[in-house]
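**Student:** Sharing a structure below in structure tokens format, with a few things to ask.
Throughout, read-outs are computed from the coordinates displayed, never taken from laboratory work. Owing to the predicted nature of the structure, the values given are computational and were not obtained by experimental measurement. Glycine gets a Cβ as well: all are built from the backbone with ideal geometry, and neighbour counts include every protein chain shown.
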Amino acid sequence: MTEKPRPLRADAARNRARVLQVAYETFAEEGAGVPIDEIARRAGVGAGTVYRHFPTKESLFQAIVADRLRQIVEWTRAQAAADPGEGLYAFLFQMAEQGATDLGLTEAFAGSGFDLAAALPDAEKEFTEMMTEILAQAQRAGTVRPDLDAADIKTLVVGLQAMRRFRGDSDLMRRVYPVIRAGLAVPDSPEPSTRGSGTERLGSA
């Protein structure tokens, strides 16, 4: 029989929560390159305390990303439940705005030194399933064209986050958002053929 892990003592639980909060803020502002000793210093604990909870910086970063993905999935599903036709657009706008404030998450989505699917397969699977669900809901509602899939949406998210982060323009999404909607909307009339041009699908490489 597998033994259940013992619950953390109150002080250990507080230290872990403090480390996670400081790590989240640090990774969001500076990315995943910050050393774990520096995170310990900012959290006001010894490096040994951090290593007891998170043996490597990678495990700490994974815990942060997994928690952020869970929050995004819950928030997005709530938005889509309230308005299926607008859930996808709310998700895209929110993800783009996070590109300006959460460098760690942006790096994780872009695969910059972090393989999301390999490191967090369950969280990545749930996130992809959520994108598939809200896309299908929007397509059934007639607010999104039918020839897109979750991979197209993820490609758009990565591009929007990079654009929002590195241009540093707080009004950028306000201007670009109508263009995104126009591109994702069901066309009013048949589009000219693009066969052979390499532009048949949004996000094609």
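**Student:** How tilted is helix 10-30 with respect to the longest principal axis of the chain? Cα atoms for both, answer in degrees (0 to 90, nearest 10).
**Tutor:** Tilt relative to the chain: about 40 degrees.
**Student:** What area, in nm² and to one decimal, does the C-alpha convex hull of the stretch 71-145 cast on average over all directions?
**Tutor:** Numbers: hull surface 20.2 nm².
It is 5.0 nm².
**Student:** Between Asp11 and Thr56, take the C-beta separation as r, use R0 = 30 Å, and let me know the FRET efficiency to the nearest 0.05. Intermediate values should be presented prior to the final figure.
**Tutor:** Values: r = 23 Å, r/R0 = 0.77.
Computed FRET efficiency for Asp11 and Thr56: 0.85.
**Student:** Average the reciprocal distances over every distinct pair of alpha-carbons in the chain, invert the result, and give the Kirkwood radius in Å.
**Tutor:** 18.9 Å
**Student:** Another question, if that's okay. Viscosity 0.692 mPa s, temperature 37 °C: give me the Stokes-Einstein translational D for the stretch 10-55 in µm²/s, with Rh taken as the Kirkwood radius over C-alpha pairs.
**Tutor:** 317 µm²/s
**Student:** Follow-up. Note down the nm distance, to one decimal, between modelled labels 7 Å out along Cα→Cβ at Ala162 and at Arg140.
**Tutor:** Result for the modelled spin labels: 3.4 nm.
**Student:** While we're here: Helix 57-82: angle to the longest alpha-carbon principal axis of the chain, degrees 0 to 90, nearest 10?
**Tutor:** The angle comes out near 40 degrees.
**Student:** For the chain, what relative contact order do you get, as a whole percent, if you take Cα pairs closer than 8 Å and at least 6 residues apart? Walk me through the intermediate numbers first.
**Tutor:** Details: 193 pairs, mean separation 41.1, N = 205.
Dividing the mean separation by the residue count of the chain yields 20 percent.
**Student:** I would also like to ask the following. Apply 1/(1 + (r/R0)^6) to the Cβ-Cβ distance of Asp67 and Val179, taking R0 = 41 Å, and write down the FRET efficiency to the nearest 0.05.
**Tutor:** With R0 = 41 Å, the Cβ-Cβ based efficiency is 0.80.
**Student:** Could I ask something else about it? So what is the relative contact order of the stretch 10-55, in percent, for Cα pairs below 8 Å that sit 6 or more residues apart?
**Tutor:** For the stretch 10-55, the relative contact order is 38 percent.
**Student:** Cβ under 15 Å from Thr132's Cβ, Thr132 left aside: what net charge do those residues give with Lys, Arg +1 and Asp, Glu -1?
**Tutor:** -3
**Student:** For every helix of n ≥ 4 consecutive DSSP H residues, a contribution of -39,500 (n - 2.57) applies; sum these over the chain, divide by its total residues, and give [θ] at 222 nm rounded to the nearest 500 deg cm²/dmol.
**Tutor:** -21500 deg cm²/dmol
**Student:** Sticking with this one: Where Lys and Arg each count +1 and Asp and Glu each count -1, what net charge lies around Gly113 among other residues with Cβ under 10 Å from its Cβ? Please report the intermediate quantities before stating the final value.
**Tutor:** On the way: positive: none; negative: Glu58, Glu107, Asp115.
Result for the neighbourhood of Gly113: -3.
**Student:** Let me ask you something else. What percent do you get for the relative contact order of the stretch 65-184 when only Cα pairs under 8 Å and 6+ apart count? Provide the component values of the computation, followed by the final result.
**Tutor:** Details: 112 pairs, mean separation 41.3, N = 120.
Reported relative contact order: 34 percent.
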